[in-house]
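Input: a single structure, listed below in structure tokens.
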Amino acid sequence: MARLDLVGIEKRFGGVEVLRDVNLSIADGEFIVLVGPSGCGKSTLLRMIAGLEDISAGEFQIDGQRMNEVPPRDRDIAMVFQSYALYPHMDVARNMGFSMEIRGAEASARASRVAAAARTLGLDKLTARLPRALSGGQRQRVAMGRAIVREPRAFLFDEPLSNLDAALRVEMRLEIARLHQRLKATMVYVTHDQVEALTLADRIVVLNGGIVQQVGTPLDLYQTPANRFVAQFIGSPTMNILGVSRTDSGVRLANGAEIALPGLSGPVAELGIRPEHLDLADPATAPLTGTADVVEHLGSDTNVYVQVDGVGPLMVRQHGHVPLRAGDRLGLVLQPGQTHAFTADGRTVRA
Amino acid sequence: MAVARRNPLLTLGKYAAILFYLSFALFPLYWLLKISITPDQLIYTEGTALWPTDATLENFGKVIWQTDFLRFFWNSLIVSLAAAAITTVIAAGAGYAFSRFRFPGQKLVIALMLLTQMFPLLMIIAPIYKIVAMLGLLNSLSSLILVYTAFNIPFATFLMQSFFDGIPKDLEDAAMMDGCTRFQALRKVILPLTLPGLGATLGFIFTAAWSEVLFALMLIRSEDSMTFPVGMLTFVSKFSVDWGQMMAAGVLALIPSCLFFIFIQRYLVQGLTSGAVKG
Ligand SMILES: Nc1ncnc2c1ncn2[C@@H]1O[C@H](COP(=O)(O)OP(=O)(O)OP(=O)(O)O)[C@@H](O)[C@H]1O
Ligand SMILES: [Mg+2]
């Protein structure tokens, strides 16, 4: 069990700055998810916590103790790699028990811990196999087992599910959630996948270009994104963004429709509205009118891509089945209080 | 997938081509063997006949018991094994460093190593002779071990580097997360996976050293330290060449190489790292 503190962490590769001024306090037992576009520095940050990558500036602490110079083996942290990184010449049992073997644990203690972990992960019948004789999902389980057997202070996951197919991914996601509930260990989890991030995280850290954009609970990020990047990155389908001009009481859309934003001060250049916060209305009275471009019937939801007159494309998500077809005329209203206002440089303007 | 019925003529042609190539490549070996078992008095009379009318192992007996062949053989074995072992150890270390670390001067070292491979041996044989003489190593097996090692290290290093490059870096990282020092990770995880590479390098250097003549001829004069390829020349006397014994010695010389490759062959099979990653 451990509290992890990142204080002003920076990372440079030669002259290239990859991470800038990362400050983050991870509470004991917390599940933190790092998300961000490819190349934003998620893996690098994780590897710095693991001790596999030097820290260029700043301090990393475990339970208040400086760890910058401590080698990986003395940090007592386990990591599950995206590539699984199983030792190909060792069978499953030895792969899982390798950390105990290295630390000189007794063979009997090792065997019982490995057996327990194998049972939890449904690997009991496979312990004598070599990794090459396993399926992708089984390899993934072995990689997890290797981390569990150690009973470390903290777990690090670098996109552990990205190589699995959709069904297996859901299953393993539940497995990880259960694991966290059972072990109550501190976990840091890197992913591309929105659903993984929103379902697993106590708090999500959104990274972009090596800079932390926002840290918060999944609901925080969804309801009060700190900027346009977070607003568009969190939530699926992506938030619609409309160019607007400021009026005294609110903003005016490109087609002339006015939207009141009471209590808002300062300049506003763009307005964001999530697809699920747009409602269909009678075209005769609605502030926005347009033509359905593409309609996706998902059963539980209906996604409508609308060409709005004088504004451009917008995406609308309606709950349940809506009998619309491409080419239909329709009107749209914005649900009050669900809009997000942004300045020209993308910062959120709040009331 | 359905395969259309092959043209039988085409198949036949393919096998004929393979057969032709094989006989072309193996014929000298056959000739070596044939002459080595042909009795002396028949060698010239039967000349180019494909099959000797009589066979004998007499040449082998003479080579083994009546000449210095066993000593040459032993010398060659020591030189080749030592050169192969030393080169492989050094090349493994250097190849690992080139594969895993970035350090100042790395490009320079690589360039220098390539440079050494660019000169024809004949150009540098005189300076090498001078250096070895200055070291007082002329006529010693250690001079050959030294020279073979030095000349083979660049190639062996690049070979080993490519093997290390083929082992995912994640494996080492995982081992270090599991509690290994870098050295333990190397010994317990990387080394077992590099066995094919080590085997290939050992085999390559061993054969190169086993058949080297030029340096052996230059640096060794005394019969005591002659290696086998040079020793072969002792079968050439002023007035005649003892073909039968020479060929018998040649056949015997093939044995260590064959044994060596049979021994390391199982390490050469590919696929030791399969299963490490997603795959
Ligand atoms: N050893 C290195 N030398 C130089 N630059 C590097 C090195 N490792 C990573 N980088 C750079 O650092 C940046 C962050 O890389 P990182 O692997 O952390 O991204 P990531 O967020 O994990 O991306 P992905 O989602 O694709 O895995 C990238 O721009 C990458 O090019
Ligand atoms: Mg990554």
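The values are calculated or read from the model by the stated rules, or taken from the named source; none is laboratory data. Keep in mind that this is a model prediction, so the values were computed, not measured. Quick reminder, even Gly has a Cβ in these numbers, built from the backbone with ideal geometry, and neighbours come from all protein chains shown. Side chains included, ligands, DNA and RNA excluded: accessible areas come from the protein's heavy atoms. Shrake-Rupley method; radii C 1.70, N 1.55, O 1.52, S 1.80 Å.
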>> Just to be sure before I move on: is B:Ile167 touching a residue at least 40 places away in the same chain (Cβ under 8 Å) and more than 30 Å from B:Arg71 (Cβ to Cβ) in the structure I sent?
In response: yes
> For the range A:194-242, which fully contained helices (runs of 4 or more DSSP H) count at least 2 residues that are open to solvent by less than 20 Å² (accessible area, probe 1.4 Å) and farther than 19 Å from A:Leu46 by Cα?
Replying inline: A:228-233
> Among the numbered criteria (1) more than 16 Å from ligand 1 (Cβ to nearest atom); (2) part of a strand (DSSP E or B), which single criterion is violated by A:Leu156?
Replying inline: (1)
> Out of (1) of a type outside the set (Lys, Arg); (2) surrounded by 15 or more Cβ atoms within 10 Å (Cβ to Cβ); (3) at pLDDT 90 or above; (4) more than 24 Å from A:Gly51 (Cβ to Cβ), the odd one out for A:Thr120 is which?
Replying inline: (3)
> Among the residues of the range A:104-112, is there at least one that is within 13 Å of chain B (Cβ to nearest Cβ) and not in a helix (DSSP H, G or I)?
Replying inline: yes
>> Go through (1) within 16 Å of ligand 2 (Cβ to nearest atom); (2) surrounded by fewer than 17 Cβ atoms within 10 Å (Cβ to Cβ); (3) within 9 Å of chain B (Cβ to nearest Cβ) for A:Ser162 and report which single condition fails.
In response: (3)
>> Tally up the residues in the range B:49-92 that are in a loop (DSSP other than H, G, I, E, B), open to solvent by less than 80 Å² (accessible area, probe 1.4 Å) and among the hydrophobic types (A, V, I, L, M, F, W, C), please.
In response: 2
> Quick one: how many residues across the range A:34-67 are charged (D, E, K, R), out of contact with any Gly (no Cβ under 6 Å at 6 or more places or on another chain) and assigned to a helix (DSSP H, G or I)?
Replying inline: 1
> So which pairs qualify, if the first residue must be in the range A:37-48 and of a type in the set (Val, Ile, Thr), the second must be more than 9 Å from ligand 2 (Cβ to nearest atom), the Cβ gap must be under 8 Å, and the two must be at least 6 apart or on different chains?
Replying inline: A:Thr44/A:Lys11; A:Thr44/A:Val18; A:Thr44/A:Leu19; A:Thr44/A:Glu53
> Among the residues of the range A:34-57, which ones are more than 13 Å from ligand 1 (Cβ to nearest atom) and either within 18 Å of the chain's Cα centre (by Cα) or of a type in the set (A, V, I, L, M, F, W, C) (or both)?
Replying inline: A:Ile55, A:Ala57
> In the range A:5-33, which residues are within 18 Å of A:Thr191 (Cβ to Cβ), more than 16 Å from ligand 2 (Cβ to nearest atom) and either part of a strand (DSSP E or B) or within 14 Å of the chain's Cα centre (by Cα) (or both)?
Replying inline: A:Leu24, A:Ile26, A:Phe31
>> List the helices (runs of 4 or more DSSP H) inside the range B:112-182, counting only whole elements, that have at least 2 residues being open to solvent by 40 Å² or more (accessible area, probe 1.4 Å), away from every other protein chain (no Cβ under 14 Å) and farther than 22 Å from B:Thr88 by Cα.
In response: B:121-134
>> For the range B:208-228: of the residues being assigned to a helix (DSSP H, G or I) and more than 13 Å from B:Ile128 (Cβ to Cβ), which is most open to solvent (accessible area, probe 1.4 Å)?
In response: B:Asp224
>> Can you report the number of residues in the range A:125-166 which are under 19 Å from the mean Cα position of the chain (by Cα) and closer than 24 Å to A:Arg3 by Cβ?
In response: 6
>> Give all pairs with beta carbons closer than 6 Å in which a residue from the range A:189-217 that is away from every other protein chain (no Cβ under 14 Å) meets a residue that is in a loop (DSSP other than H, G, I, E, B) and more than 13 Å from ligand 1 (Cβ to nearest atom); count only pairs at least 6 apart in sequence or on separate chains.
In response: A:Gln194/A:Ser236; A:Asp202/A:Glu30; A:Arg203/A:Thr217; A:Gln214/A:Ala226
> Do the conditions hold for A:Leu19, that is, is it closer than 23 Å to A:Gln82 by Cβ, open to solvent by less than 40 Å² (accessible area, probe 1.4 Å), at pLDDT 95 or above and within 15 Å of ligand 1 (Cβ to nearest atom)?
Replying inline: yes
> How about the range A:74-85: which of its residues are within 19 Å of B:Gln184 (Cα to Cα) and either touching a Pro at 6+ places or on another chain (Cβ under 7 Å) or buried (at least 18 other Cβ atoms within 10 Å of the Cβ) (or both)?
Replying inline: A:Arg75, A:Asp76, A:Ile77, A:Ala78, A:Met79, A:Ala85
> Hey, A:Val304 hits all of (1) more than 23 Å from A:Phe342 (Cβ to Cβ); (2) in contact with a His (Cβ under 7 Å, 6 or more places away or on another chain) but one; which does it fall short on?
Replying inline: (2)
> Across the range A:271-290, what is the number of residues that are farther than 14 Å from A:Met315 by Cβ and open to solvent by 40 Å² or more (accessible area, probe 1.4 Å)?
Replying inline: 5
> What are the residues in the range A:183-193 that are more than 17 Å from A:Arg146 (Cβ to Cβ) and open to solvent by 20 Å² or more (accessible area, probe 1.4 Å), if any?
Replying inline: A:Lys184, A:His192, A:Asp193
> Do you know which residues across the range A:266-301 are in a strand (DSSP E or B) and under 20 Å from A:Gly337 (Cα atoms)?
Replying inline: A:Glu270, A:Leu271, A:Gly272, A:Ile273, A:Leu278, A:Asp279, A:Leu280, A:Ala281, A:Leu288
> Does at least one position in the range A:280-299 carry a residue that is touching a strand residue (DSSP E or B) at 6+ places or on another chain (Cβ under 7 Å) and under 24 Å from A:Asp220 (Cβ atoms)?
Replying inline: no
>> Condition check: open to solvent by less than 70 Å² (accessible area, probe 1.4 Å), over 31 Å from the mean Cα position of the chain (by Cα) and in the same structural domain as A:Val304 (by TED's automatic domain parsing). Does A:Gly263 satisfy that?
In response: yes
> Before we move on, is A:Met90 surrounded by 16 or more Cβ atoms within 10 Å (Cβ to Cβ), away from ligand 2 (no atom under 16 Å from the Cβ), assigned to a helix (DSSP H, G or I) and aliphatic (A, V, I, L, M)?
Replying inline: no
> Out of curiosity, is A:Arg129 open to solvent by 60 Å² or more (accessible area, probe 1.4 Å) and in a helix (DSSP H, G or I)?
Replying inline: no
> Going through the range A:39-73 one residue at a time, which ones are open to solvent by 10 Å² or more (accessible area, probe 1.4 Å) and at the interface with another protein chain (Cβ under 9 Å from one of its Cβ atoms)?
Replying inline: A:Arg47, A:Gly51, A:Leu52, A:Pro71, A:Pro72, A:Arg73
